[in-house]
Amino acid sequence: MIEINAKLLRDQSAVFMCGEVVECLIDFIHPSLPEHKISQSNSDILENLAWATVQLHCYCNASFNEKSSTDAATNRNVGGSTSLNASNQLKGEVLHSTEPKILFCDLRLSPGEAKQFLYRETVPLSTPPTYRGIRVKHYYKITVATQRLGSTVQALNIPIRVLPLPLPQSDLDEAITLNDESNEDLAPNNPFLEKKRPPSRIEYALHYLRGVTARRRPNFFMINNKWGKVGRFCLFKSAYKLGEDIVATIDFSCGTIKCVQLSVTLQCEETELNSGSSSSLTTGTKHELAGSDAADTVNSSEAANEPERPKNISRITNYSKHHEVCLGMLQTQVILPIPLHVTPTFRTDLVEVSWRLHFQFVTSTNPELGSEMLLDRTTENDEELEWVAPTDIAIETMIWSLPITIYPTAPLQIPQPCGEYKLNIK
């Protein structure tokens, strides 16, 4: 029997960015024979493995119709096809695979002997991040495949999580990132100091990530409906990292109607991209406020879609939620934590993952909720003044969705320990 043990060198976090190097230690061990057992021949002493290879696979499991899956399969880059593909019974299709690296050929181990190999591979830049959605799932596996003489191919899979590499979206962002250390370039050269090496792609991406998520530019939104003003919403920034808190304030002092109840939910929107649809998505409807009849308006517009243009199907997943009864408040604060296990904003040929804040304002124009009712009930003793809430209130629900951008964070800040994976070949 031969025992295969695989473990990542970064054992505190099995999370990597696209373009980062993955290192894995692989041990092939032949356990010692029991003391009471006597070997009858040389075959009982030596264990022989014909070959062993290692690859990094990216799998895509999409429950689309057959036409969309076959069209997407033509654009996929499947390289390094070997005989170990038949041994992998994992769900989904191989979206991308690195070139197989041969560890050995014709390895012979005596009892108590072990061989250790170090596997190094760079995560491809063109692959999507790890994502477990409703209809689309992307996941990564380090596949260690080997074959014993006279046996079938056996594989050991080590899962890892991959985050997208944040890169500047415009020339201005790239120029700002590159010129952050311009003062050091103007300093006089010292011949006794070593020249500073240029930053790697990962360091450059993390530097840009810190800059784009640290910018605070408050955005104010006046929330109105057909009866008047509800309040003013303030969002301090629109770009966040995984693990951050979304902090915002809502000011009701400028409103002309009462807001009885407030609900804010962090939502992930998964949109299936059809091959016939245009490459740019129209998101103008996401920025508009909707009244009580917003749901009926959206449903009627979706039903009247033209048959010539296919419709992109979107599915919503709720995460953090803030709920508060805000009747009588002049100002309130909203704090929504972003989980570390979710996937940042990204887009591929099959799916687009975006994030938004979904608001639900419950408003009322009931005159008994106004502060004027208290001013009219003046008595001689102010301490005896009481206000009795009405039993029935006429309310309206207003819905609004505000898109935001979520970026990845540094992989070491995500605690996801990687254990040791074993495979016994008998």
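The values are calculated or read from the model by the stated rules, or taken from the named source; none is laboratory data. Everything numeric here is computed off the predicted structure, so don't read it as measured data. Neighbour counts are summed over all protein chains in view; Cβ atoms, including those assigned to glycine, are modelled from backbone coordinates with ideal geometry. These area figures cover heavy atoms from the full protein model, side chains too; ligands, DNA and RNA do not enter into them. Shrake-Rupley method; radii C 1.70, N 1.55, O 1.52, S 1.80 Å.
Using the Karplus relation 6.51 cos²θ - 1.76 cosθ + 1.60 with θ = phi - 60°, the per-residue 3J(HN,Hα) values for region 326-332 come to 10, 5, x, 7, 8, 7, 9 Hz, with x marking Gly and Pro.
Phi-derived couplings, Karplus 6.51 cos²θ - 1.76 cosθ + 1.60 at θ = phi - 60°, listed residue by residue for region 393-409: 10, 7, 10, 9, 9, 10, 10, 8, 10, 10, x, 9, 10, 10, 9, x, 10 Hz, with x used for Gly and Pro.
Backbone geometry of region 233-249 corresponds, through the Karplus equation with coefficients 6.51, -1.76 and 1.60 at θ = phi - 60°, to 3J(HN,Hα) couplings of 9, 10, 10, 6, 7, 10, 10, 9, 9, 4, x, 7, 9, 8, 10, 8, 10 Hz, x marking Gly and Pro.
Each label was represented as a point 7 Å from its Cα along the Cα-to-Cβ direction; for L412 and T365 these points are 5.9 nm apart. Per-residue accessible area (protein heavy atoms, 1.4 Å probe) orders W227, W355 as W227, W355, starting from the largest.
Per-residue surface analysis assigns L156 an accessible area of about 10 Å², computed on protein heavy atoms at 1.4 Å probe radius. Taking the charge dipole of region 100-157 about its Cα centre, with +1 at Lys and Arg Cβ atoms and -1 at Asp and Glu Cβ atoms, the residue from T143, A114, T127 reaching farthest to the positive side is T127. Annotation: S238 carries an accessible surface of approximately 50 Å², with a 1.4 Å probe and no ligand, DNA or RNA atoms counted. The solvent-accessible area of L209, taken with every protein chain present and a 1.4 Å probe, is close to 0 Å².
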